[in-house]
Amino acid sequence: MPSNSMLQRQRTLGGVFGIFVLAFGLGYHFFPGLFHAEPVEVVRKVVPMLPVPPGHTAAVDELADDQLNAGPPITLAPTEVIAARLKHEHTKLPKQLTADTPQVRALLNRADKALAAGHLMGDPDSAAALFLQAAKDKPDSRRAAQGVIDVRSRLVAQIERDIALGNAEDAGDGLATLQQLPDSMDDASRLAAALKTLTEVRPLLAKAAGLLQQGKADQPVGRSALDIYRQVQRLDPQNAVAEQGVLDVQHAVLDRALAAVAQNDFTSADKVLAEAQLIHPGSQQLHDVRQRVDDMRTSRARAVLDQARSALDAGNLPMAAQLAAQARAVSPQLADLAAFDQQLLNAQLYDNHKPGQVFSDRYVDVTGQSPAMVVVPTGSFLMGATSDGGAAEQPQHKVNIAQGFAMSRSAITVGQYREFVRLSGYVPDSVKRGGASVYDERSGTMHDDSNANWQDDYAGNKAADNLPVVNISWGDAKAYADWLSKRTGKTYHLPSEAEFAYALRGGTTTRYWWGDGTPKGKLENLTGSRDRSPSGRRWNNAFRDYGDGYWGPAPVMSFAPNPFGLYDMGGNVSEWTADCWHDNYIRAPLDGGAWLNPGCSVRVLRGGSWGSSPDQARSEWRQAADAGLRSGRIGFRIVRDL
């Protein structure tokens, strides 16, 4: 009987070995790359074996099922794992009648040591020879029978690994020994067939390796290294060398993708990546290279887009558009492209502004700036009225506003016009020719007053600076726009009738920009039934149950803006436009431009005033007026080209 110290030592060594193999199995499960042939270099690891104490055949007895089944392919797993998996197919051990003799135990101890050292075959001191001799000397020895089983399992595992790695010579030696072991016929027949296949594929593998060295990885089709490796895989699906060869071919193809990227040829790189995907889908090296290409693609696209931004900042819109197209071709999904496209569109349509933006242009030669301007978005609308309107408002026609423009947020004020007169020395017609048509409270009508001028309000009294300037002619309004163009270096003009009509509607299609009837709340300075003049007069034709608190013009921007952010478009004062008067819209421009005739003296008024009837406040309403007319109901606003 062994001593207590001997038993303790056996248990300790057995536990250590069990922990080692368990760690090995877990490592293989979670890090299979450590045990597989890598794409660049095949690394064969030699696993040292710890001594196995007498009475223990192998520490892999303690491996759990999940360790025995550590990741594919099993032929490339450590021999101990393969052998342990094969041991799960148990062979029935003999019933031992008597204890092993000292001589048999000595043989078995030597056999255990040989097995632990990996000395399986080849001479009388090998594990195979010693276990077979012990089984011959003591046929009912369970330990001897188990040892033969362990040797067979190890030997089968070793042969399988040799075959998988193309080591035909060692596999042949192992097979010769396996054939001498009992109950090995099935394994020997299977491995012999596999070895025969190996001898068939070895020349093919050598040929494929040669083609790979010559640069014929996947071309020409039918005569490439890839074609040969595929042939080997059909003959031997588990051939690890062929599997590694396919990865090597894919690596060579992926190098072509990286070379294309280095030349900024991302189209070719994408094509090559698609080819690599067909060679070995889902490989780690394919994933890594695709990620590198995507990173380089994004980096390149961002660099080109930065150049596009610089071109845009410099005002070179064609170059900015061209560079943006190049960035999109490189990386269509680049996140910043959409924002840049909007910037470019704004630059093309709105001179780098945004629809709805409010801005002012500074004077280039003196201190000062233009009135506040609102960027009007591009679009289209139906201009004119249907059969309900008068002949002057027909035919209704579609107008396209393809180029953005900016319109002054309100009518030009007395204060703004005063600045113009002071800086330019211009003499308005109300001064040069004398007088204007102003409101007479006693009669309740407009009448000519030879003393009224642009500095007066609707009734001929001194006007506050924040009131819309009135009592000015069409020529007075145009002179202001022309002066502002020179002062700012930008192009200002009176709005065309189409521009005014489009801006007045603000995208609406109703009778008025606020709806079809009386406003819900104080939205414009209109004729309301609740309004009263200073002497208590009422309007004969007014919006029912409406009152805005003013009889005459209100200070600009006293009410709500329309949907485009423009104030007083439908009320307060009617306004001059650039167009000559035409009795109808037959042959009217469809692009939003002004409709002009040389030497015309009658111009178009647009927008209702503080004294207009509800019908005259409609979005379609238009009226002819002599260009020299000066009235307390007429003002103007300006447009700036973008």
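Bear in mind these aren't lab numbers, they're just calculated from the coordinates by the rules spelled out. Note that this is a predicted model, so its numbers are computed, not measured. Every residue, glycine as well, gets a Cβ built from its backbone with ideal geometry; the counts of neighbours run over all protein chains shown.
Distance between the modelled labels on ALA168 and LYS486, one decimal in nanometres: 10.1 nm (7 Å Cα→Cβ projection). Each of (i) 1.20; (ii) 1.89; (iii) 0.99 is a candidate for Cα Rg over 2.2 N^0.38 Å; the one calculated from this structure is (ii).
Using R0 = 41 Å, the C-beta based FRET efficiency linking SER424 and HIS447 works out to 0.85. Taking every C-alpha pair closer than 8 Å and separated by at least 6 residues, the mean separation divided by the residue count of the chain gives a relative contact order of 9 percent. Relative to one another, the C-alpha centroids of the stretch 575-642 and the stretch 164-211 are positioned 99 Å apart. Rounded to the nearest 20 debye, the dipole size of the chain about its Cα centre is 580 debye, using +1 on the Cβ of Lys and Arg and -1 on the Cβ of Asp and Glu. Taking a sphere under 13 Å around the Cβ of ALA406 and counting the other residues whose Cβ falls inside, with K and R at +1 and D and E at -1, yields a net charge of +1. Between ARG190 and HIS287, the contour length at 0.36 nm per residue exceeds the alpha carbon distance by 31.2 nm. Taking every alpha-carbon pair under 8 Å whose residues sit at least 6 apart, the stretch 296-350 reaches a relative contact order of 39 percent.
Go ahead and run the numbers for FRET between ASP341 and ALA372, Cβ-Cβ distance against an R0 of 45 Å, rounding to 0.05. Calculated value: 0.95. Full extension of the chain between ARG433 and SER613 yields a length gain of 61.8 nm, computed as 0.36 nm times the residue separation minus the alpha carbon distance. FRET efficiency for the ASN352 to ALA303 pair, using the beta carbon distance and R₀ = 30 Å, is estimated at 0.85. Charge tally around PHE381: other residues with Cβ under 9 Å, Lys/Arg +1 each, Asp/Glu -1 each, net +2. Dipole orientation for the chain: of the candidates GLN285, GLY607, GLN307, GLY607 has the Cα lying most toward the positive pole (charges on Cβ; Lys, Arg +1; Asp, Glu -1).
What's the long-distance tail for the stretch 158-232, i.e. % of Cα pairs beyond 20 Å? That tail contains 41 percent of the Cα-Cα pairs. Extension gain for LYS92 to THR386 (0.36 nm times residue separation, less C-alpha to C-alpha distance): 95.5 nm. Per-residue ellipticity at 222 nm computed for the chain from its helices equals -14000 deg cm²/dmol, with DSSP H segments shorter than 4 residues left out and the rest contributing -39,500 (n - 2.57).
Taking every alpha-carbon pair in the stretch 296-350 and binning the separations at 10 Å intervals from zero gives 29, 57, 14, 0 percent.
In this simple spin-label model, placing a label point 7 Å from the Cα along the Cα-to-Cβ direction at both LYS520 and LYS398 gives a separation of 3.1 nm.
Each Cα pair under 8 Å and six or more residues apart adds its separation to the average, and for the stretch 547-642 the resulting relative contact order is 31 percent. Here the label points at ARG530 and GLN623, each 7 Å from Cα along the C-beta direction, are separated by 2.6 nm in the simple model.
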